[in-house]
Amino acid sequence: LLIIGRLAMLALDGGPSRVAAISTAPRGDIVDRNGQQLARTIDAWTIGVHPRRLLGDKNEIAKKLADLMPDVGDQQHFYALISKDVNFTYLNRRASPALVEAVNTIGEPGIVFDRETQRLYPQSTLAAHVLGYIGTTRKDPTVHGRLGMERALDERLLNPALSGTPVTLSIDSRVQAAMESELGQAMASMQARAAAGVVLDVDTGEVISMVSLPLFNPNRVGMAGTEQLRNTVTQSVYELGSAFKPIAMATAIDTGVVTDMSRRFDATAPLQVGRFRIKDDHAQKRWLNIPETLIHSSNIATARIADEIGAARMQNMFRKMGFDTKPDIELIEKGRPLWPHYWARTTVMTTAYGHGIAVTPLHLANAYATLVNGGIWRPTTLLKVAPGKAPQGRRVISPSTSARLRQLLRLIVTDGTGRK
């Protein structure tokens, strides 16, 4: 009689309200530039439990749940869940009909089932930092995008009038997968803590691939830590070193400081400026012309060129490249560059070879796109750009300077320090 009465109470108290639906309207899908699905909303079963209403032995129930859902947790995990002092908790938020049927055979009335929409990332960890994830917070129990494009496009993805039209990203899944694989191998071989990579279309500003390692699985975001969730490409700022030298050289050529590629600068010995001493890692101990300065990555020669450029023109170039503001992209997770407070003579020299100023990897990639695409800076975008619809951008260097930089950059990778 006690059991029958209890079952009657559960039946009267039951209903779909036990499990909250993710959204009243389906969230819009996200696809890559070729239509490959990256994020979609699906109908799924949820399995929950009312711990205070369980009638059977909790150890036995936990063992059966662990046998049926080993990917979720072990017996100890499920025992902790069903022993919580709460009215309700979830056991599985994305269960198949077959799993629901199997769990139902346990015969425990305190375990309940319901249908709800779920956000699925079918490619698992692929482009995780680009996509982000959805969820709730303690302050906001409503489900919204919490990271990446899910967050940036939250309003668009929740618009019922647009939910049937997927958002097309600029990402190419094939390039993304190749980049993640190569970076993963490099990160392992170098025993690095993190890695970042980006591929841009230099003529449109489209991000073809953006990778930040370590990755996380947006389907299991609760298992990710702070470092996994951080997008190193857009959030972390670095003194990027010798990668700045072509930017300084473009400034020298475009402003007329350097008009002849055969002009030589003294790199015979370290350069003493006040109490600072500038030296070369690949010292040639001779006078270097313009191509040789970049081929051998000479800090000394670059510093001498920067000294002639001067603070005003160097700052002007960096500002045109956007180095004084957060990266221009849809993502909300963006780091602010570290801009020098005072531009002394040594500041001008050292920033020319990437010391004393810190920007994100995306800043640098966009600057290189500007150097080689004819001299036009365009904002980067994670949305696919229709043919002929690229933003006009702004001119930073002349087409002739850009052509010269393409020649010089090629020499760096054919004959210089960039051969690898």
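Test ASN231 against the stated conditions and say whether it is within 28 Å of GLU330 (Cα to Cα) and touching a strand residue (DSSP E or B) at 6+ places or on another chain (Cβ under 8 Å).
On the way: within 28 Å of GLU330 (Cα to Cα): yes; touching a strand residue (DSSP E or B) at 6+ places or on another chain (Cβ under 8 Å): yes.
When the stated conditions are applied, ASN231 passes them.
Which condition number in (1) open to solvent by less than 80 Å² (accessible area, probe 1.4 Å); (2) farther than 30 Å from ALA127 by Cβ is the one that GLY35 fails?
(2)
How about region 328-368: which of its residues are open to solvent by 30 Å² or more (accessible area, probe 1.4 Å), touching a Pro at 6+ places or on another chain (Cβ under 7 Å) and under 16 Å from TYR238 (Cβ atoms)?
Listed by number, the residues that qualify are LYS334, GLY356.
Return the residues of region 385-420 that are in a loop (DSSP other than H, G, I, E, B) and touching an Asp or Glu at 6+ places or on another chain (Cβ under 7 Å); say none if nothing qualifies.
Keep residues of region 385-420 that are in a loop (DSSP other than H, G, I, E, B), which gives 385-393, 396-398, 416-420.
Selection gives VAL385, ALA390, ILE397, SER398.
Can you tell me which condition ALA196 does not meet? The list is (1) part of a helix (DSSP H, G or I); (2) under 25 Å from ALA177 (Cβ atoms); (3) small (Gly, Ala, Ser), and all the others hold.
Of everything listed in (1) part of a helix (DSSP H, G or I); (2) under 25 Å from ALA177 (Cβ atoms); (3) small (Gly, Ala, Ser), ALA196 misses just condition (1).
Run THR204 past the list (1) β-branched (Val, Ile, Thr); (2) surrounded by 15 or more Cβ atoms within 10 Å (Cβ to Cβ); (3) modelled with pLDDT under 95 and report the number of the one that doesn't hold.
Answer for THR204: the failing condition is (3).
For region 168-191, which positions are out of contact with any strand residue (DSSP E or B) (no Cβ under 8 Å at 6 or more places or on another chain) and more than 21 Å from VAL31 (Cα to Cα)?
GLN185, ALA188, SER189, MET190, GLN191
Contact list please: Cβ distance under 7 Å, first residue in region 207-230 and closer than 11 Å to TYR133 by Cα, second residue in a strand (DSSP E or B) and at pLDDT 95 or above, pairs at least six apart or on different chains.
PRO218/TYR133; VAL221/TYR133; LEU229/LEU147
Table: residues versus (1) open to solvent by less than 20 Å² (accessible area, probe 1.4 Å); (2) not charged (D, E, K, R); (3) not in a helix (DSSP H, G or I).
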{"position": "ALA98", "(1), (2), (3)": "no, yes, no"}
{"position": "GLU101", "(1), (2), (3)": "no, no, no"}
{"position": "VAL112", "(1), (2), (3)": "yes, yes, yes"}
{"position": "ARG119", "(1), (2), (3)": "yes, no, yes"}
{"position": "ILE134", "(1), (2), (3)": "no, yes, yes"}
{"position": "THR137", "(1), (2), (3)": "no, yes, yes"}
{"position": "PRO141", "(1), (2), (3)": "no, yes, yes"}
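Here is a check on your reading of the model: is ASP324 closer than 30 Å to GLY132 by Cα and either without any contact (Cβ under 8 Å) to a residue 24 or more places away in the chain or among the basic types (Lys, Arg) (or both)? So that I can check it myself, show each step before the final result.
Values: closer than 30 Å to GLY132 by Cα: yes; either without any contact (Cβ under 8 Å) to a residue 24 or more places away in the chain or among the basic types (Lys, Arg) (or both): yes.
So ASP324 fits the description; yes.
Can ARG146 be described as over 25 Å from the mean Cα position of the chain (by Cα) and open to solvent by 20 Å² or more (accessible area, probe 1.4 Å)?
On the way: over 25 Å from the mean Cα position of the chain (by Cα): no; open to solvent by 20 Å² or more (accessible area, probe 1.4 Å): yes.
Considered against the rule, which asks whether it is over 25 Å from the mean Cα position of the chain (by Cα) and open to solvent by 20 Å² or more (accessible area, probe 1.4 Å), ARG146 comes out as no.
Looking at region 313-323, is at least one residue over 29 Å from GLY374 (Cβ atoms) and open to solvent by less than 70 Å² (accessible area, probe 1.4 Å)?
Checking region 313-323: not a single residue is over 29 Å from GLY374 (Cβ atoms) and open to solvent by less than 70 Å² (accessible area, probe 1.4 Å).
Filter region 144-183 for residues that are modelled with pLDDT under 95 and in a loop (DSSP other than H, G, I, E, B) and give the result.
Answer for region 144-183, where residues must be modelled with pLDDT under 95 and in a loop (DSSP other than H, G, I, E, B): ASN159, PRO160, ALA161, LEU162, SER163, GLY164, THR165.
Looking at ARG93, ARG52, ARG27, which one is modelled with pLDDT of 85 or more and outside any helix (DSSP H, G or I)? Before the answer, list the steps.
Values: ARG93 fails: modelled with pLDDT of 85 or more; ARG52 fails: outside any helix (DSSP H, G or I).
Just one listed residue meets the conditions, ARG27.
Can you name the strands (runs of 3 or more DSSP E) wholly within region 234-308 that have at least 2 residues being open to solvent by 50 Å² or more (accessible area, probe 1.4 Å) and either of a type outside the set (A, V, I, L, M) or in contact (Cβ under 8 Å) with a residue 12 or more places away in the chain (or both)? Show your work before the answer.
Details: elements: 265-267, 271-273, 276-278, 286-288.
Once the strands (runs of 3 or more DSSP E) in region 234-308 are filtered for at least 2 residues that are open to solvent by 50 Å² or more (accessible area, probe 1.4 Å) and either of a type outside the set (A, V, I, L, M) or in contact (Cβ under 8 Å) with a residue 12 or more places away in the chain (or both), what remains is 276-278, 286-288.
Considering each residue of region 58-96, count those that are open to solvent by less than 70 Å² (accessible area, probe 1.4 Å) and not β-branched (Val, Ile, Thr), and give that number. Explain how you work it out, then say what you get.
Applying the first criterion (open to solvent by less than 70 Å² (accessible area, probe 1.4 Å)) to region 58-96 yields 58, 61-62, 65-66, 68-69, 72-73, 78, 80-83, 86, 88-92, 95-96.
Still in the running and not β-branched (Val, Ile, Thr): 58, 62, 65-66, 68-69, 73, 78, 80-81, 83, 88, 90-92, 95-96.
Count: 17.
Restricting attention to region 369-412, which residues are aliphatic (A, V, I, L, M) and open to solvent by 80 Å² or more (accessible area, probe 1.4 Å)?
Residues of region 369-412 that are aliphatic (A, V, I, L, M), as a first pass: 369, 371-372, 376, 382-383, 385-386, 390, 396-397, 403, 405, 408-409, 411-412.
None - no residue of region 369-412 is aliphatic (A, V, I, L, M) and open to solvent by 80 Å² or more (accessible area, probe 1.4 Å), so the list stays empty.
The values are calculated or read from the model by the stated rules, or taken from the named source; none is laboratory data. Keep in mind it's a predicted model, so treat the numbers as computed, not measured. Cβ sites come from the backbone with ideal geometry, for glycine too, and all protein chains shown count toward neighbours. Each accessible area value is taken on the protein alone, full model and side chains, heavy atoms only, with ligands, DNA and RNA left out. Shrake-Rupley method; radii C 1.70, N 1.55, O 1.52, S 1.80 Å.
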